[in-house]
Amino acid sequence: MPVEIDADGVRRLTSVGGALLVEVLPEDEYREEHLPDAINIPLKALNGEAVASVDRARPIIVYCHDDL
């Protein structure tokens with residue numbers, strides 16, 4: 001079930017919970033800058049095949065750039 005979390009939640013889930021970071025921006029933007037250890041699955045390519053190898057037993061944090 002999707003839940004919005006803040007930066008502290010991301011830190012906690014990645015350090016203690018073994019969460020997987022998934023950036024959904026286009027590949028060129030991912031190459032330019034992304035969070036450490038994040039993988040890239042562009043939103044336009046996000047489908048069952050693209051996530052087939054994702055370990056769903058781990059928490060998954062999906063994010064993109066936000067100008068706010």
Worksheet entry | Estimated vicinal HN-Hα couplings, Hz - segment 7-24 in sequence order (Karplus 6.51, -1.76, 1.60; Gly, Pro = x) | 4, 5, x, 4, 4, 5, 5, 7, 7, 9, x, x, 5, 9, 9, 10, 8, 9
Response to the item:
Contour minus Cα-Cα span, Arg58 to Asp37, at 0.36 nm per residue, comes to 6.1 nm
Worksheet item: Among Glu29, Glu49, Glu23, what's the order by accessible area (1.4 angstrom probe), most exposed first?
Response: Glu49, Glu29, Glu23
Fill in: Using θ = phi - 60° and Karplus 6.51 cos²θ - 1.76 cosθ + 1.60, couplings along segment 38-53 (whole Hz; Gly, Pro as x)
6, 9, 10, 10, x, 3, 5, 9, 6, 8, x, 5, 5, 9, 4, 8
Worksheet entry | Shape of the chain, Cα gyration tensor, a/c cut at 1.5 | oblate
Worksheet item: Comparing Ala57, Ala19, Ala38, which has the greatest mean-square fluctuation in the GNM of the chain with Cα pairs linked when under 10 Å apart?
Response: Ala57
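The values are calculated or read from the model by the stated rules, or taken from the named source; none is laboratory data. No experiment lies behind these values; they were computed from the predicted model shown. Each accessible area value is taken on the protein alone, full model and side chains, heavy atoms only, with ligands, DNA and RNA left out. Shrake-Rupley method; radii C 1.70, N 1.55, O 1.52, S 1.80 Å.
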